[in-house]
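Structure first, then comments.
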Amino acid sequence: MNRVYYVKPENQNKEYLTEMLNEHPEIMFVSFMGIDIGGNGTDEKIPVELFLEDMETMLKYGIQTDGSSVELQGIATLNNARVDLVPDLESTWFVDYNYEYHCEQNGLPVGSLKIPAFLEHDEKKVCSRSILKRTVEVYKTKMIEIFEAKPELAKSLGFEVSDIDEVVLTSATELELWVNTPDDEADIEELSTSQTLKEQYWKRTHGIVRTVMEKCIVELGKYGLEPEMAHKEVGGIASRVGTTGRLKYVMEQLEIDWKYADAMQCADNEIVAREIIEDLFRSHGLEVTFMAKPLEGVAGNGEHTHFGTAVKLKSGKFVNLFSPADMTKEYLSEIGYGSLMGLLRNYDVVNPFVSSSNDSLNRLKPGFEAPVCVVTSLGHTKEIPSRNRSILAGVIRDLTNPMATRFELRAPNPLSNTYLVLAASYMAMLDGIEATVKSGLTMAQLEKEISKAAGDDSFYLEKDKMYRSEDDVFEHYTEEERVALFGKAPSTVYENIQGLNHGGERIKLLKNGGVFTDALIESYKLVTLDKWSTELVGRIIPNNAAVLRSFDKLHTDLATDLDVINWEKLNSLRVELMKDSTAAKSLFSRIRNAIESGDYETASDLQIEMNEKMTAARQMYLDYKRNII
């Protein structure tokens, strides 16, 4: 019997679903998947018999919960907790199979029909999916208004306003992940050396890793995601073969890509892909992490997010709104320049949605492709497209395929809330489009605007900043120069979230058309800061303490004076970090006290100090160990 992997919108009706579920007894459950403000997906098991009995009501009104399992701080309160999960009848539904549980009737794995849904509170949609849905609606409406107000803009792209059928927002993500055998500890020095030598990047996979990676590609295809590529990433070391002939030590970094989709489907697809990949590797005895920076000193996991905008004409033809009429004479169209400038100028209010965790900010440090500067690259010449991997937002061009023109945001990671990343980014782009169209500047003037030097006036961009560089920003500029030219990147979650407190007029662009509301922004801040402070006290400090306790005194009678000096310096730093005395509190205790008293600014400053000293302590112990016989 052929299994069902997904259900398209045109088949989401009682007749089709009833027939399909009756023909497939292995689909035993239904689950409504809402995405709360923190990016968490809901999952519940509704017996399919109950769904069949009450299908019309559930499809129209959804199901009711008490809000205890979702992150909607400040919205769903103890005395007003009802939250409804209302199905999205415009998105693709998926069947999630449990390969450890089989249907008694036909022996197939038991499946759950996962229905993407919206979270409603007080009859208002208050979830990440609804924010993105409103973004798409507002963006499409505004773009039509822009074309109607300036018909020559459409003509410059080769069509008439009356030819437009709809505006289309296309997006794509990818997943980088670390795969390892359980209980094996990482050798950071060995991993770092392999990374520097690029011994793993795009190399051939072997054994169980190859098998599962290939299975992932096949499985993603079954779900209609149209996988495009999978390969080894820069991190990892060569696997080792045990006495049984099987791999016994695996620690590799992989990347898996699939095709673009409309913005909402793109975000839904990512969740499906992540679950498929994780389940397949775990079923073969391998652990998977999508964390942005699972290992300090080694390449982290990124999730480059791609943005595109097109119009579908009534003839069925698509026109990319970012591509100029002549790809060899201009880098971008007027709309393309406006979008890129909007994203860069307003990144202060986009970044809180891109990097909202301690883990995400640990990745964003100078090194392997982790962007630290708000800057773009257009390419060295218009005639020969190039790609700069050191910048935040890249322009991807293909002279032979105008439909391929898009922007690549390089800061997100696999655990970023893609719904909110897409929503905030598209709203920032829309702000830039509106400003650019109103300016009336020529293409040459727009190129000059985005290429301006720091200190030059601009109709839209900040005077004291530079926004374009074709150089490697890690190598070409010192840290002081990067801060002066591109601004200082936030070091902690608290610093990053301040963009939503002090963004001024830029906050308004998020609320354009009711996409975000004051309540939703406030809820997001509460959720993010609560996670940050809880993890800081409950996980990061204990983990750091465990690392410091693992630093053993190793030198013996053969010790040199250097061994003694190195150990004493390290031990002094350990005491400063974690050991209280009657005279002074340790750095760890001072952070705990600041969090308990609600002094988040002080806690943030102390976290920066702690991170710097922990990095120093790790290096000091490594130097100390190297000299031990």
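Consider Asp359 carefully, then state whether it is among the charged types (D, E, K, R) and either more than 17 Å from the chain's Cα centre (by Cα) or under 15 Å from Met429 (Cα atoms) (or both). Judged against the criteria, Asp359 is not a match.
Just to be sure before I move on: is Lys465 part of a helix (DSSP H, G or I), farther than 12 Å from Ser377 by Cα and at pLDDT 95 or above in the structure I sent?
So Lys465 does not fit the description; no.
Between Ala238, Ala267, the distinction of being modelled with pLDDT of 90 or more and in contact with a helix residue (DSSP H, G or I) (Cβ under 9 Å, 6 or more places away or on another chain) belongs to Ala267 only. If you filter segment 469-495 down to residues that are surrounded by 19 or more Cβ atoms within 10 Å (Cβ to Cβ) and within 14 Å of Ser390 (Cβ to Cβ), you find that the one that is modelled with the lowest pLDDT is Phe474.
Number of residues in segment 47-82 that are out of contact with any helix residue (DSSP H, G or I) (no Cβ under 8 Å at 6 or more places or on another chain) and not acidic (Asp, Glu): the value is 20. Would a scan of segment 135-146 turn up a residue that is in a helix (DSSP H, G or I), of a type in the set (Val, Ile, Thr) and buried (at least 22 other Cβ atoms within 10 Å of the Cβ)? For segment 135-146, residues in a helix (DSSP H, G or I), of a type in the set (Val, Ile, Thr) and buried (at least 22 other Cβ atoms within 10 Å of the Cβ): present.
If the condition is being surrounded by fewer than 19 Cβ atoms within 10 Å (Cβ to Cβ) and part of a helix (DSSP H, G or I), then segment 496-505 contributes Gln498, Glu505.
Looking only at segment 25-74, residues that are touching a residue at least 24 places away in the same chain (Cβ under 8 Å) and farther than 27 Å from Val421 by Cα come to 16 in all.
Annotation: Lys452 fulfils all but one of (1) crowded, with 16+ Cβ neighbours inside 10 Å; (2) touching a residue at least 40 places away in the same chain (Cβ under 8 Å); (3) over 25 Å from Ala172 (Cα atoms); the unmet one is (2).
Could you tell me which residue of segment 350-374 is modelled with the lowest pLDDT, considering only residues that are polar (S, T, N, Q) and farther than 14 Å from Leu409 by Cβ?
Asn362
Each row is one residue, and each column tells you yes or no for (1) closer than 23 Å to Lys382 by Cβ; (2) hydrophobic (A, V, I, L, M, F, W, C); (3) more than 15 Å from the chain's Cα centre (by Cα).
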residue	(1), (2), (3)
Ala292	no, yes, no
Glu296	no, no, yes
Asn301	no, no, no
Glu330	yes, no, yes
Glu334	yes, no, yes
Met341	yes, yes, yes
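Inspect segment 483-496 for any residue being within 21 Å of the chain's Cα centre (by Cα), closer than 29 Å to Arg618 by Cβ and among the aromatic types (Phe, Trp, Tyr) and give the result as yes or no. Yes, some residue in segment 483-496 is within 21 Å of the chain's Cα centre (by Cα), closer than 29 Å to Arg618 by Cβ and among the aromatic types (Phe, Trp, Tyr). Scan segment 514-528 and give yes if some residue there is among the charged types (D, E, K, R), at pLDDT 95 or above and in contact with a Ser or Thr (Cβ under 8 Å, 6 or more places away or on another chain), otherwise no. Checked segment 514-528: no residue is among the charged types (D, E, K, R), at pLDDT 95 or above and in contact with a Ser or Thr (Cβ under 8 Å, 6 or more places away or on another chain).
Restricting to segment 76-88, name every residue that is in contact with a strand residue (DSSP E or B) (Cβ under 9 Å, 6 or more places away or on another chain) and outside any strand (DSSP E or B). Ala76, Ala81, Arg82, Asp88 - these are the residues of segment 76-88 that are in contact with a strand residue (DSSP E or B) (Cβ under 9 Å, 6 or more places away or on another chain) and outside any strand (DSSP E or B).
Going residue by residue through segment 25-40, is there one that turns out to be at pLDDT below 95, under 25 Å from Ser128 (Cβ atoms) and surrounded by fewer than 19 Cβ atoms within 10 Å (Cβ to Cβ)? Yes - at least one qualifying residue is present in segment 25-40. From the list Glu535, Glu609, Glu601, the one residue that fits, being touching a residue at least 40 places away in the same chain (Cβ under 8 Å), within 23 Å of Gly297 (Cβ to Cβ), in a helix (DSSP H, G or I) and of a type in the set (Asp, Glu), is Glu535. In segment 153-171, the residues that are within 14 Å of Ile335 (Cα to Cα) and touching a residue at least 24 places away in the same chain (Cβ under 8 Å) form Cβ pairs under 8 Å with partners that are hydroxyl-bearing (Ser, Thr, Tyr) and part of a helix (DSSP H, G or I), at six or more places apart or across chains, as follows: Val167/Tyr139; Leu169/Tyr139; Leu169/Tyr426. The lone criterion from (1) without any contact (Cβ under 8 Å) to a residue 12 or more places away in the chain; (2) part of a strand (DSSP E or B) left unmet by Tyr97 is number (1). Looking across segment 1-24, the residues that are β-branched (Val, Ile, Thr) and surrounded by 16 or more Cβ atoms within 10 Å (Cβ to Cβ) come down to Val4, Val7. The residues of segment 369-392 that are crowded, with 19+ Cβ neighbours inside 10 Å and either in a loop (DSSP other than H, G, I, E, B) or basic (Lys, Arg) (or both), listed by number, are Ala370, Pro371, Val372, Cys373, Val374, Val375, Leu378, Asn388, Ser390, Ile391, Leu392. Looking at this structure, is Arg129 touching a residue at least 40 places away in the same chain (Cβ under 8 Å), buried (at least 18 other Cβ atoms within 10 Å of the Cβ), touching a Phe, Trp or Tyr at 6+ places or on another chain (Cβ under 6 Å) and on the phi < 0 side of the Ramachandran plot? So Arg129 fits the description; yes. Thr418 passes every criterion in (1) among the hydroxyl-bearing types (Ser, Thr, Tyr); (2) more than 30 Å from Thr289 (Cβ to Cβ); (3) surrounded by 24 or more Cβ atoms within 10 Å (Cβ to Cβ) apart from (2). Cβ-Cβ contacts under 7 Å between residues 6 or more apart (or on different chains), taken from a first residue in segment 209-229 that is surrounded by fewer than 17 Cβ atoms within 10 Å (Cβ to Cβ) to a second residue that is part of a helix (DSSP H, G or I), are listed as Lys215/Leu280.
Considering every residue within segment 338-349, establish whether at least one is among the hydrophobic types (A, V, I, L, M, F, W, C), outside any loop (DSSP other than H, G, I, E, B), at pLDDT 95 or above and out of contact with any strand residue (DSSP E or B) (no Cβ under 8 Å at 6 or more places or on another chain). Checked segment 338-349: at least one residue is among the hydrophobic types (A, V, I, L, M, F, W, C), outside any loop (DSSP other than H, G, I, E, B), at pLDDT 95 or above and out of contact with any strand residue (DSSP E or B) (no Cβ under 8 Å at 6 or more places or on another chain).
Of all residues in segment 162-179, those that are surrounded by fewer than 22 Cβ atoms within 10 Å (Cβ to Cβ), among the polar types (S, T, N, Q) and in a strand (DSSP E or B) total 1. Considering (1) within 29 Å of the chain's Cα centre (by Cα); (2) touching a residue at least 12 places away in the same chain (Cβ under 8 Å), the lone condition that Thr77 does not fulfil carries the number (2).
Can you work out which of the residues in segment 61-75 that are among the polar types (S, T, N, Q) and not in a loop (DSSP other than H, G, I, E, B) is surrounded by the most Cβ atoms within 10 Å (Cβ to Cβ)? Taking the candidates together, the pick is Thr65. Restricting Lys488, Lys525 to residues that are within 25 Å of Ile591 (Cβ to Cβ), out of contact with any helix residue (DSSP H, G or I) (no Cβ under 7 Å at 6 or more places or on another chain) and not polar (S, T, N, Q) narrows the list to Lys488.
The values are calculated or read from the model by the stated rules, or taken from the named source; none is laboratory data. Being a predicted model, the structure only gives us computed values, none of them experimental. Methodologically, a virtual Cβ is constructed for each residue, glycine included, from the backbone with ideal geometry; neighbour enumeration extends over all protein chains shown.
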